[in-house]
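Each reported figure results from applying straightforward, stated rules to the coordinates on display, with no laboratory input. Because the structure is predicted, anything quoted here is derived from the model rather than measured. All Cβ positions, glycine included, derive from the backbone under ideal geometry; neighbour counts span all protein chains shown.
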Amino acid sequence: MHITVHVATQEMVLHEDDGSKRRYLISTASKGTGQQEGSWQTPLGKHIIRAKIGDGLPRHAVFAARRFTGEIYDEALKSQYPARKDWILSRILWLSGLEPGFNRLGSVDTMRRYIYIHGSPDTAEMGKPGSRGCIRMHGDDIIDLFARILSGTPIEILSA
């Protein structure tokens, strides 16, 4: 089993062991692709799912610093915190780069950049770049993906 992310088409594909594929519409960084810390770009290359966070939590559970805040996202919560722009909801899949000098170690380390695949509000537009570096999915999609994969699952992020 492995995952490919196609930035150009804003699609993620889960390649299952039986040869079947599951496709998900996603949203990558509004600032494009890049490896550099502080760039707010989605990193390219070979990665693994280093950690799965949020198992068993409700859909739209709110995370801050990878911890469940106890809140469940809704329009009232959104109104209460208008400065929060890129909500991290439902589940987190924390990525770790596998290519030293490209997406691992130093100022290009994907994990130290806190790059995730994570859930977003249902109103977040998928199919076009809009995140702050992470890969966003709608709640039902991230919950489905989360249930199907294990920590250590390979993922490759491709520009094309």
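Across the stretch 2-158, the mean sequence separation of Cα contacts (distance under 8 Å, 6 or more residues apart), normalised by length, yields a relative contact order of 34 percent. Descending by average beta-carbon neighbour count within 10 Å, the peptides 126-133, 112-119 line up as 112-119, 126-133, the highest first. Considering all different alpha carbon pairs of the chain, the Kirkwood hydrodynamic radius works out to 15.5 Å.
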